[in-house]
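What follows is a short report on a single structure.
The values are calculated or read from the model by the stated rules, or taken from the named source; none is laboratory data. Note that the coordinates shown come from a computational prediction; the quantities given were computed from them, not determined experimentally. Positions of Cβ are backbone-derived with ideal geometry, glycine not excepted, and every protein chain shown enters the neighbour counts. Heavy atoms of the whole protein, side chains included, go into the accessibility calculation; ligands, DNA and RNA do not. Shrake-Rupley method; radii C 1.70, N 1.55, O 1.52, S 1.80 Å.
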Amino acid sequence: MSDKNRIVLAYSGGLDTSVAIPYLKDRTGKDVVAVSLDVGQGGESLETIKERALACGAVEAYIVDARDEFANEYCMQALKANAMYEGVYPLVSAISRPLITKHLVRAAHQFGADTIAHGCTGKGNDQVRFEVSIQSIDPELKAISPIRDLSLTRDVEIAYANDHDLPIVQTEKSPFSIDQNVWGRAIETGFLEDPWNAPTKDCYSYTDDPDFPPVEDEVVIEFKQGVPVKIDGRDVTPLQAIEEMNRRAGAQGIGRVDLIEDRLVGIKSRELYEAPGAIALITAHEELENMCLEREQHRIKRDIDKRWAELVYDAQWFSPAVKSLNAFIDDTQQYVNGEIRMVLHGGRAVVVGRRSDSSLYDYNLATYDSGDTFDQNASNGFIEIYGLPTKVAAARDVKFGNGIEVPDNDVE
């Protein structure tokens, strides 16, 4: 049974959510339970964040090291789907929100709350992702946003923190709004809101300048059923694979994205992303699929991958549609086993070698040398049957005077 006097708050440890703890208590009369997850975003330790939450007035602090859970269940599903929204964005924020929401709901059940609060504004995608995910897991829970619903603007936050002597150290505000996790980093606002302005060096943290790279880095990634299991012959977990490729691809400036993005809420926004590990792993995974997926299966999966990315971007992680697409995607990965050799250098991850025991590439069929097992004479009948519908249609066009005109060329 829920407690009408408790709210669960998605707590990051920053100014916005620290002020939100006593502010929600004052405005609603409800005690606040702070929930914090480590999804590989770096920065302060969970213990430090927990202590700050309690010092700001939280009655409980629920903290979770969710890095492996995030990598195993969310990043790997995005990898198997080659998920790139609008062809370039690897869903950095979109895939973390369902995981965070799952733990928010779990905390609400554990601590007997009937409301979940988050720190999103009214014009972003994440408010939709949090609240649709909450409804998908437990439709009885309510959701609120202090910034969106209670007019908690930054000037109000600072004044409130000073008036209440909250244990928050004020630092110079970054010109950017940043969200990051182990899968990547999203950067927006500030001077980037003018799409004519080029990014500056201080926009980036996960990647070095691709115009001044170190020597090229060759890496061999082994996959099993679409998931990386070894790098250069060493066993790795999904989290370790992402972290290592973040370091190595990031050092080469790989994974920078500058995008005018179609937001779910109907506006276009200018977004920067850094996702070195995600981009390198997706590049390798796609190339292994080129070897291992049957032609029609592969065509369908490319369409499915695009729709999967759009649906997950659009807050549908827990939807029946995504559940069904996951079943198809997981089935396609049965034979996506093998090794990809890549060269990382100067902002590019280039596949230079591939091998797989479950590949559909048959050297004896593909070669033009002696020993070729492909029966070239069979192509005559194939072409005749394959082109028959077009041939019949063309004859009809000629009959009714609609044939394709072939220009006469004067030959001297």
- Would you mind checking the radius of gyration and Dmax of the stretch 326-368 based on alpha-carbon positions, in Å? 14.1, 39
- Taking Cα atoms, the helix 320-332 axis meets the longest principal axis of the chain at an angle in degrees (rounded to 10) of 50
- Ratio to report: Rg/Rh of the stretch 329-396, with Cα atoms as the point set and Rh obtained by the Kirkwood method; give two decimals. 1.19
- Filtered GluC sites (Glu not before Pro), the stretch 143-249: DSSP coil and at most 12 other beta carbons within 10 Å: 172, 216
- Note on the structure: On each of the three principal axes the extent of the alpha-carbon atoms of the stretch 253-326, given in whole Å and largest first, is 38, 36, 18
- Query: On average, how much accessible surface per residue is there in the stretch 160-287, in Å², for a 1.4 Å probe, leaving out ligands, DNA and RNA?
  - Reply: 50
- Query: Which whole-angstrom value gives the distance between the alpha carbon centres of the stretch 27-96 and the stretch 378-412?
  - Reply: 61
- In degrees between 0 and 90, to the nearest 10, how far off the longest principal axis of the chain does helix 276-292 point, with axes built from Cα atoms? 30
- Where does each of 234-242, 109-117, 96-104 land if you order them by average Cβ count within 10 Å, highest first? 96-104, 109-117, 234-242
- Using the alpha carbon gyration tensor of the stretch 269-365, what are the three equivalent-ellipsoid semi-axes (square root of 5 times each eigenvalue), largest first, in whole Å? 25, 21, 10
- Note on the structure: Normalised Cα Rg of the stretch 25-92, dividing by 2.2 N^0.38 Å with N its residue count, works out at 1.51
- Cα-based Rg then Dmax for the stretch 52-140, in Å, read 14.7, 44
- Note on the structure: Against the 2.2 N^0.38 Å rule of thumb, the C-alpha Rg of the stretch 165-224 sits at a ratio of 1.64
- Message: Taking Rg/Rh (Cα atoms, Kirkwood Rh) straight from the coordinates, which label in [x] 1.11; [y] 1.09; [z] 0.98 is the correct one?
- Response: [y]
- Query: Largest first, how would 16, 408, 138, 211 line up by accessible area (1.4 Å probe)?
  - Reply: 408, 211, 16, 138
- Cα-only Rg/Rh for the stretch 288-341 with Kirkwood Rh rounds to 1.02
- Note on the structure: With Cα coordinates, the longest principal axis of the chain makes an angle with the long axis of helix 154-163, in degrees rounded to 10, of 30
- Item | Value of D in µm² per second that Stokes-Einstein yields for the stretch 128-250, Kirkwood Rh from Cα pairs, at 4 °C (1.567 mPa s) | 67
- Message: Roughly how far apart, in whole Å, are the Cα centres of the stretch 197-250 and the stretch 125-193?
- Response: 29
- Shape parameters for the stretch 6-171, alpha-carbon atoms, Rg then Dmax in Å: 15.8, 50
- Carbon and sulfur %, accessible surface of the chain computed with the full protein complex present, 1.4 Å: 50
